[in-house]
Amino acid sequence: MSPIGKLFVVLNLVFSLVILGVLGAILTKSEEYRTKYEDVQKELDTEKASWEQERSDLSAEIEGHKRDKAGLQERINNLEVAGNNLKSDNESLRVDNQQLRDDVSKLQADYQKFTSSLTEVQTHNKDLASENANLINQRNEAANARRAAEEAAARLEAQVSSLTSQVEQLKRQIDDIAAMNSDLEAQIEAAVQLGFDIAKVRAAPQIDGVIQNVNRELGLVVLSVGADDGVQRGTTFEVYSLGEGYKGKVVVDDVYPDNAAARIVRENGTISVMDRATTRL
């Protein structure tokens with residue numbers, strides 16, 4: 001029961017006692033008052049019983065409140081235990097969080113290393129791509145050089161074949177010259193027997209010149225030597241080139257002071273301007 005309820009109970013009791021006293025005084029003086037006193041006493045007894053019942057109810061309520069308090073205290077204790085557990089869990093979570101932060105920092109460092117490595121790999125790939133392009137260019141240049149070499153080899157083979165043909169032709173010409181020499185020797189022998197002075201014929205001077213002009217349609221060439229150099233009509237010149245060798249023979253038809261016109265009587269190679277011409281090889 002609350003203090004205010006207790007106060008009311010006390011006040012009621014005091015008030016009841018006062019009333020009883022007053023009633024007792026009155027009843028002693030009067031029977032009527034006595035009867036009224038008994039009635040009042042009954043009412044007080046009834047009210048007292050009610051108060052007792054109320055007190056019993058209040059006591060039961062207090063006991064209920066005590067039980068509630070005990071339950072609340074138990075809940076508080078449970079909550080304190082739960083709070084402590086939460087604190088422990090929070091501390092564990094804080095440690096785990098710190099561990100996670102450390103792991104994140106490590107991962108960030110690893111990511112930075114990976115990014116740096118990736119940049120190096122990309123740079124290396126660019127260098128490899130550039131080197132690959134250079135190698136491709138070198139391969140193409142080598143292929144072009146090989147094709148050029150093959151073409152040069154083909155040209156050389158053609159030149160060798162041509163030179164082989166020229167050599168064969170020169171061999172035939174040498175054979176022809178040898179036969180002509182045999183004929184000339186026979187003719188010289190016959191001329192000597194007829195009284196010709198061979199020494200004068202062999203003493204003809206050596207005349208050297210160059211081809212100044214070539215007329216293919218007429219089969220003529222112009223020599224850089226003429227009558228001033230001892231050239232006469234019928235003089236024979238052998239034509240050759242320092243790079244290509246013997247090319248043929250020309251015979252002078254027209255003579256001028258500083259040049260002469262000669263016809264091509266034999267051509268082993270293509271007689272060209274600036275080829276050499278001589279009366280003696």
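The values are calculated or read from the model by the stated rules, or taken from the named source; none is laboratory data. Since this is a predicted model, take the numbers as computed values, not measurements. Note that we place each Cβ from the backbone using ideal geometry, even for glycine, and neighbour counts take in every protein chain shown.
Here is how the numbers come out for the structure above:
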read-out: Inter-residue pairs, beta-carbon under 6 Å, first assigned by TED's automatic domain parsing to the domain that holds GLY230 and in segment 269-281, second in a loop (DSSP other than H, G, I, E, B) and surrounded by 15 or more Cβ atoms within 10 Å (Cβ to Cβ), 6+ apart; value: THR279/ILE207
read-out: Residues located in segment 265-281, provided they are of a type in the set (A, V, I, L, M, F, W, C), in a strand (DSSP E or B) and out of contact with any Leu (no Cβ under 7 Å at 6 or more places or on another chain); value: VAL265
read-out: Whichever residue in segment 1-46 is out of contact with any helix residue (DSSP H, G or I) (no Cβ under 6 Å at 6 or more places or on another chain) and aromatic (Phe, Trp, Tyr) and, among such residues, is surrounded by the fewest Cβ atoms within 10 Å (Cβ to Cβ); value: PHE15
read-out: Tally, over segment 218-253, of residues that are among the aromatic types (Phe, Trp, Tyr) and either part of a loop (DSSP other than H, G, I, E, B) or in contact (Cβ under 8 Å) with a residue 60 or more places away in the chain (or both); value: 1
read-out: Options VAL22, VAL9: the member that is in a helix (DSSP H, G or I) and either at positive phi or touching a Lys or Arg at 6+ places or on another chain (Cβ under 9 Å) (or both); value: VAL9
